[in-house]
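Take a look at the structure below.
Only the coordinates and a few stated rules stand behind these numbers; no lab work does. Source: prediction; values computed, not measured. Glycine also receives a Cβ, built like all others from the backbone with ideal geometry; neighbour counts cover every protein chain displayed.
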Amino acid sequence: MGLFITFEGPEGSGKSTQARLLYERLQSLGFPVIVTREPGGTRIGEMIRRILVDLRNTEMAPTTEILLFSAARAQLVNELVRPYLATGGIVLCDRYADSTFAYQGYGLGRDLEELQAITAVATGGLMPNMTIFLDLPVEDGLQRRRAAREQSGGGYNTPAEWNRLDARDLAYHQRVANGFAELMNREPKRWRRFDANQHVEALADQIFHAVEPLLQGMEPMP
Ligand SMILES: Nc1ncnc2c1ncn2[C@@H]1O[C@H](COP(=O)(O)OP(=O)(O)O)[C@@H](O)[C@H]1O
Ligand SMILES: [Mg+2]
């Protein structure tokens with residue numbers, strides 16, 4: 001029941017922008033839809049997010065990082081995602097389990113099977129019906145975020161936020177990008193890949209058209 005769609009891709013590729021636009025479009029068509037994000041999306045999850053992104057937390061062990069992401073995810077799935085899907089609604093999520101595989105698995109070199117086991121505990125095995133991948137060269141995404149930060153000051157929770165995870169080196173972000181490519185190869189049916197280096201509105205149209213077939217049989221609200 002319901003429809004679960006996630007957005008993945010490198011920093012600055014436009015995930016938050018496109019998740020919001022798809023949400024607005026589906027809502028204007030009358031579909032029951034919510035948009036949320038990881039880590040966060042719940043009161044408890046947002047508290048965990050603050051710990052994860054805090055630039056002062058340089059001593060955080062990789063295992064701590066993985067378990068905090070997973071704890072936030074468990075809360076989101078239990079509190080928001082599963083209940084909303086059970087009512088037949090559409091849940092859009094800005095990042096999900098694939099980010100753990102890409103960032104902590106391929107990026108930090110943690111064992112993928114171990115991550116899969118932790119993720120299965122956190123999510124109870126819930127995986128998206130479709131995952132939208134916004135493809136952008138790592139450098140370009142980081143540059144977009146940097147540009148936004150210089151314009152607005154880059155405060156916490158703004159699109160320009162510069163956080164502990166963004167601050168890792170380019171080689172790390174490159175390993176993450178290769179990880180996403182590998183994940184897409186493994187499950188080509190679930191993933192849809194888009195060139196993120198296009199105008200925001202053109203990209204939004206392409207994403208909507210990819211999602212459209214999944215809406216058949218879902219009832220817009222009266
Ligand atoms: N298609 C696009 N072209 C150019 N800039 C974009 C595009 N989409 C988003 N941006 C800008 O890039 C920055 C990062 O976008 P955002 O949606 O926050 O990315 P993400 O959530 O993937 O990190 C923001 O300043 C945003 O306005
Ligand atoms: Mg974002």
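Ordered by the count of other Cβ atoms within 10 Å of each Cβ, fewest first, Glu219, Glu79 give Glu219, Glu79. What translational D, rounded to a whole number of µm²/s, comes out for the chain from Stokes-Einstein when the hydrodynamic radius is the Kirkwood one over Cα pairs, at 25 °C and 0.890 mPa s? For these conditions, the coefficient is 138 µm²/s. Structure remark: mean-square fluctuation, Gaussian network model of the chain, C-alpha springs under 10 Å; the largest value among Glu212, Glu65, Glu139 belongs to Glu212. GNM, the chain, Cα, under 10 Å: largest mean-square fluctuation among Ile132, Ile51, Ile34? Judging by the Gaussian network model, the answer is Ile51.
Extension gain for the segment Glu212 to Asp54, taken as residue separation times 0.36 nm less the Cα-Cα distance, is 53.1 nm to one decimal. Taking the three principal axes of the alpha carbon atoms in segment 56-143, the coordinate ranges are 40, 29, 28 Å, sorted in descending order.
Here the dipole of segment 3-215 is about 320 debye; that uses its Cα centre as origin and unit charges on the Cβ of Lys and Arg (positive) and Asp and Glu (negative). The fewest-to-most ranking of His209, His173 by surrounding Cβ atoms within 10 Å reads His209, His173.
Taking Cα atoms, how many degrees apart are the long axis of helix 138-152 and the longest axis of the chain, rounded to 10 and kept between 0 and 90? The two axes meet at around 90 degrees.
Each Cα pair under 8 Å and six or more residues apart adds its separation to the average, and for the chain the resulting relative contact order is 32 percent.
Of the residues Thr17, Thr6, the one with the fewest other Cβ atoms within 10 Å heads the list, and the complete ranking is Thr17, Thr6.
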